[in-house]
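Visitor: Starting off with a structure, shown below.
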Amino acid sequence: MQARTHHCGELRKTHVNQTVALAGWVNKYRDHGGVIFIDLRDRNGITQLVFRPTNEQLHETANRLRNEDVIWVQGNCIAREEGMANPKLETGDIEIEATSLEILNKSDTPPFTPDEAAKVGEETRLRYRYIDLRQKRMQQILKTRHRVTKIMRDYFDSNEFLEIETPFLCKSTPEGARDFLVPSRLQESSFYALPQSPQLFKQILMVAGLEKYFQIARCFRDEDPRADRQAEFTQLDVEMSFVNQDEVMDSIECLTRDIWKQVLDVDVPKIDRMTYAEAINRFGSDRPDLRFGMELVDISDLASQTDFKVFKGAIDDGGIVKAICVPGGASMSRKETDKLAEWVKQFGVGGMPVTKIDGGKLATGIAKFLEPITEQLIEKMGAKDGDLICFGVDKKSTIVHRVLGELRVKVARQLNMIEPGQWKWLWVVDFPLVEWNEENNRFDSLHHPFTAPNPEDMHLMDTDPGKVRSLAYDIILNGSELGGGSIRIHDKETQSKVFSLLGISKEDAAVKFGFLLDALRFGAPPHGGIALGLDRLIMHLENTTNIRDVIAFPKTQNGADLMTQAPSLVDQAQLQELHLRLAPSLKVDAIKE
RNA sequence: GGGGGUGUAGCUCAAUUGGUUAGAGCACUGGACUGUCGAUCCAGAGGUUGCGGGUUCGAAUCCCGUCACCCUCGCCA
C-alpha cells in the first residue's frame, strides 16, 4: 500500500492546501446522493473525507464504503466554510477533499461498531475483542497501561534496579493458591507449575548479589475470578538487598507519586501508616477505605448491661458487640435494612440488629432492648437524629469485624457517601506473622512463609506465635489492596523455625523449598521487597471496577477466552506425548448409574 | 461447590404478566437526496425467544433439567 502522510487526529487549519494521505477505518458514512461524507478513523482520531460526484469513478467507489472498511485515501486538506465546522471533532475545522481512494480491505457488516461498543454486552465485546478494542475508551486504557509500565521502567532504571526475567515453567509448591500445571513431555509423570509470583526467584536473585531487582511479571493462580481478579494477572515485582521496610515503602511511595503525577496530575502526599490491629479495630478490614467515616465502635460493655439475649449470649461466649453509625441512615426503610441484614449473613453472622435515632431517642428495631443504655449508646456512637445504628454481634471478634467492615463499605456505596475524586492512601503495617487456622488446626502465614518476624517479637515465637508481628506491609488505595510486601527471612535458622511453626516438617521443607534453604546457607544478604497489582493500579487510574477492562484479552469467570475459545480439547496424540490419559468424566458416570 | 441476576432479530431493548401473525430503535438491503457530522425521507429483508424436556386448547411468559455470561460466598500463602 502507499504511505500515509498524517494521522486522522492531527490535521488542523494550518494544514490547509496540503495534499495529504490518510489510512484507517470507515467510522461512519453519510451518503447524500451527491456529496458523500466519510468519517475516517485511526488510533489517533477522526477526519472527515468528502467525495463529490465530479469524479465519477471515485464517487462510485466511495459509494460502496461501509462501516469498518479499511481504506487509504489521498486528497487536499481544505478549510470548512463558515457554519460547516464541527466543534465536536478536533479536526472539525478541516476536511479532506478526496482525489484518490483505495479500499484496502472490505469489512463484513460488523456485529457492532466501536462507537456502539460501550453499550454492547460484555459477552459480545469479548467475542469480538478486536472490534471492542477499536473503541476510544479501550485504547485509552491500553495507552495508560503502557504509560504506567514505561514510568515504572524509567523509575527503576534511574534508581539502578535491574529488570530480570524469571521462569514461567516452575516447580509446583502446594502452598498458597492452586497451581496451573504443565505436564512435562521429557519427564513422564512430572509437571511444571506456572508461577503464582516470582517470589522465590527474586529472593534468590538477592542471594545472587543483584541487589536491586524489578520485573513486570505475569502471575498465575488457578482460583475463581472476581470483578477485580483474573487467574492470569500482572504484578510489578520488586526486591532489594540491604534494606529495611522503610526504604522499600519509600521507594514505592515515590513511584506512585511519579505515576499519579504524570498520568493524572495528582499529587500523592506522604502516605500515613496504620497498624493492622488498628485497621481491624476501627474499620473491620486490613484494607480500610478512608474516604468516609462510619468507624466501628466497641460497645461490648454497654451491650452487657442490656437484657438483649443476642448481645448477652455473644458476650457470655467470649464475643464482642460493635456498631457503626450510618449518618442519615434512618431514611432507610425496614425493607432496606432487612435486605442488608440478609446480605451480611454471608459473612457468617446470624443477623444484624439495627435501631434508628429519632428525637434523641432510639426508635424501631431493637430499641426496646437498648432502653437502659440509650443515652450512653447515642453518645458513644456520636449519633444524631436521623441516623441508623447497625450492630455486629458474634462470639468471634473476627466475624464481627468482617461483617461491619463489609457493611460499612456496602452502605457507603449504597447511600453515595463516597465523594468522587478522592485518593486515600494508606500503609498497613505490623501484620501478624501467622494466624490460627481452625479447620486444619495449625498456624498459616498471613503473608507468606518467607516473611521475617519482627525481631522485637522473637521471644514470643515459641510461647505465643499468634502475637508475633511480621515485617510485612500493604499499600492501600481507597479501600483496595494495591500491593504488599515484606522484609524476608535471610538466615536458615529463622526460616526453619518459621517452617516448623507452620507445620512444615524438615523433610517437607527440604523437598519443597530445599533450594531456598540451600541458598540461605551461602551468604544471603538481608533483603525485602514488594509486589503491586498492575491491573488494579490501572483500574484506579482509569476509574473502572472491571478488571477485564484493563486487560487486552481477558478471560471470563469460567476461565474461557471467548475470542479464541480457549480452553479446548486437544488431540490424543498430544496427550500421548505428554504421557497423559483423561479420566472418565464423573458427570457421565453419575448419569449412567 | 453454594447464593443471586441475566439470556428475545447482527446490536440495544419491548411484548398489557398464559392468548391472534413476537415488536421498536440502530445496523443491514434497495431507492430518493449536493453540506452532513447520531444526516434525513420511502420501501424491504431479518427470529430454533440460549438449549432439552414437561404442564396446557394455547408457553418468550409456568415447572424441571442443562449451558453461557455477570455479581458474590467459599477459594485467592
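The values are calculated or read from the model by the stated rules, or taken from the named source; none is laboratory data. All values reported here derive from a predicted model rather than from experimental measurement. A quick note on method: Cβ atoms are made from the backbone with ideal geometry, for glycine too, and the neighbour counts reach across all protein chains shown.
Visitor: Based on this model, can you work out whether A:N437 counts as under 26 Å from A:L200 (Cα atoms), surrounded by fewer than 21 Cβ atoms within 10 Å (Cβ to Cβ) and polar (S, T, N, Q)?
Guide: yes
Visitor: Residues to consider are A:T54, A:T91, A:T109, A:T124; find the one that is in contact (Cβ under 8 Å) with a residue 12 or more places away in the chain, in a loop (DSSP other than H, G, I, E, B), of a type in the set (S, T, Y) and near RNA strand B (Cβ under 9 Å from one of its atoms).
Guide: The unique qualifying residue is A:T109.
Visitor: Mind checking which strands (runs of 3 or more DSSP E) fall wholly inside the stretch A:397-509 and carry at least 1 residues that are of a type in the set (V, I, T)?
Guide: Filter on the stretch A:397-509 gives A:425-429, A:434-437, A:472-477, A:480-487.
Visitor: From the list A:G9, A:G33, A:G24, A:G45, exactly one residue is within 13 Å of RNA strand B (Cβ to nearest atom), under 44 Å from the mean Cα position of the chain (by Cα) and not β-branched (V, I, T). Which is it?
Guide: Exactly one residue qualifies, and that residue is A:G45.
Visitor: Let me ask something additional. Confirm whether A:D39 is near RNA strand B (Cβ under 10 Å from one of its atoms), of a type in the set (D, E, K, R), surrounded by fewer than 17 Cβ atoms within 10 Å (Cβ to Cβ) and within 24 Å of A:T113 (Cα to Cα).
Guide: Spelling it out, it is not the case that A:D39 is near RNA strand B (Cβ under 10 Å from one of its atoms), of a type in the set (D, E, K, R), surrounded by fewer than 17 Cβ atoms within 10 Å (Cβ to Cβ) and within 24 Å of A:T113 (Cα to Cα).
Visitor: What about A:V248, is it more than 27 Å from A:L415 (Cα to Cα), buried (at least 18 other Cβ atoms within 10 Å of the Cβ) and of a type in the set (V, I, T)?
Guide: In short, yes.
Visitor: If I filter the stretch A:206-213 for residues that are under 18 Å from the mean Cα position of the chain (by Cα), closer than 24 Å to A:L169 by Cβ, buried (at least 21 other Cβ atoms within 10 Å of the Cβ) and more than 10 Å from RNA strand B (Cβ to nearest atom), do I get at least one hit?
Guide: no
Visitor: Hey, can you tell me all the residues within the stretch A:224-259 that are farther than 22 Å from A:T166 by Cα, under 15 Å from the mean Cα position of the chain (by Cα) and among the charged types (D, E, K, R)?
Guide: Residues satisfying the conditions are A:D224, A:R226, A:D228, A:R229.
Visitor: Kindly provide the set of residues from the stretch A:1-36 that are in contact (Cβ under 8 Å) with a residue 40 or more places away in the chain and among the acidic types (D, E), ordered by number.
Guide: Residue satisfying the conditions is A:E10 alone.
Visitor: Would you tally the residues in the stretch A:354-379 being part of a helix (DSSP H, G or I) and either touching a His at 6+ places or on another chain (Cβ under 9 Å) or surrounded by fewer than 16 Cβ atoms within 10 Å (Cβ to Cβ) (or both)?
Guide: 6
Visitor: What number of residues within the stretch A:536-575 are more than 14 Å from RNA strand B (Cβ to nearest atom), among the β-branched types (V, I, T) and at pLDDT 95 or above?
Guide: Residues in the stretch A:536-575 being more than 14 Å from RNA strand B (Cβ to nearest atom), among the β-branched types (V, I, T) and at pLDDT 95 or above: 1 in total.
Visitor: Can I ask one more? Look at the stretch A:275-331 and say how many of its residues are assigned to a helix (DSSP H, G or I), touching a strand residue (DSSP E or B) at 6+ places or on another chain (Cβ under 7 Å) and among the small types (G, A, S).
Guide: Summing the residues that are assigned to a helix (DSSP H, G or I), touching a strand residue (DSSP E or B) at 6+ places or on another chain (Cβ under 7 Å) and among the small types (G, A, S) in the stretch A:275-331 gives 6.
Visitor: Return yes or no: is A:G533 within 13 Å of RNA strand B (Cβ to nearest atom) and either at positive phi or of a type in the set (G, A, S) (or both)?
Guide: Taking the combined requirement at face value, the residue satisfies it.
Residue-wise test of (1) in the same structural domain as A:I38 (by TED's automatic domain parsing); (2) closer than 21 Å to A:G34 by Cα; (3) surrounded by fewer than 17 Cβ atoms within 10 Å (Cβ to Cβ).
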residue	(1), (2), (3)
A:N55	yes, yes, yes
A:H59	yes, yes, no
A:N63	yes, yes, yes
A:I78	yes, yes, yes
A:A85	yes, yes, yes
A:D93	yes, no, no
A:I96	yes, yes, no
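Visitor: Just checking, does the stretch A:149-167 include any residue being modelled with pLDDT of 95 or more, within 16 Å of RNA strand B (Cβ to nearest atom) and not hydroxyl-bearing (S, T, Y)?
Guide: Yes, the stretch A:149-167 contains a residue that is modelled with pLDDT of 95 or more, within 16 Å of RNA strand B (Cβ to nearest atom) and not hydroxyl-bearing (S, T, Y).
Visitor: Say whether the condition of being touching a Leu at 6+ places or on another chain (Cβ under 9 Å), at pLDDT below 95 and either surrounded by fewer than 19 Cβ atoms within 10 Å (Cβ to Cβ) or more than 30 Å from A:R257 (Cα to Cα) (or both) is met by at least one residue in the stretch A:469-488.
Guide: no
Visitor: Additional query: Based on what the data block shows, is A:N67 near RNA strand B (Cβ under 9 Å from one of its atoms), surrounded by 15 or more Cβ atoms within 10 Å (Cβ to Cβ) and part of a loop (DSSP other than H, G, I, E, B)?
Guide: Criteria met by A:N67.
Visitor: Now a separate question. Only one of (1) without any contact (Cβ under 8 Å) to a residue 40 or more places away in the chain; (2) surrounded by 14 or more Cβ atoms within 10 Å (Cβ to Cβ) is not met by A:S500, so which one is it?
Guide: It is condition (2) that A:S500 fails.
Visitor: Which one of A:D317, A:D338, A:D286 is of a type in the set (D, E, K, R) and within 30 Å of A:S251 (Cα to Cα)?
Guide: One residue alone meets the criteria, A:D286.
Visitor: Among the residues of the stretch A:201-208, are any free of Cβ contacts under 8 Å to residues at least 24 places away in the same chain and closer than 18 Å to A:E163 by Cα?
Guide: Yes, the stretch A:201-208 contains a residue that is free of Cβ contacts under 8 Å to residues at least 24 places away in the same chain and closer than 18 Å to A:E163 by Cα.
Visitor: Scan A:D462, A:D444 and give me the residue that is of a type outside the set (A, V, I, L, M, F, W, C), outside the structural domain of A:K396 (by TED's automatic domain parsing) and away from RNA strand B (no atom under 16 Å from the Cβ).
Guide: A:D462
Visitor: In the stretch A:214-232, how many are out of contact with any Lys or Arg (no Cβ under 9 Å at 6 or more places or on another chain) and either surrounded by fewer than 19 Cβ atoms within 10 Å (Cβ to Cβ) or at pLDDT below 95 (or both)?
Guide: 3
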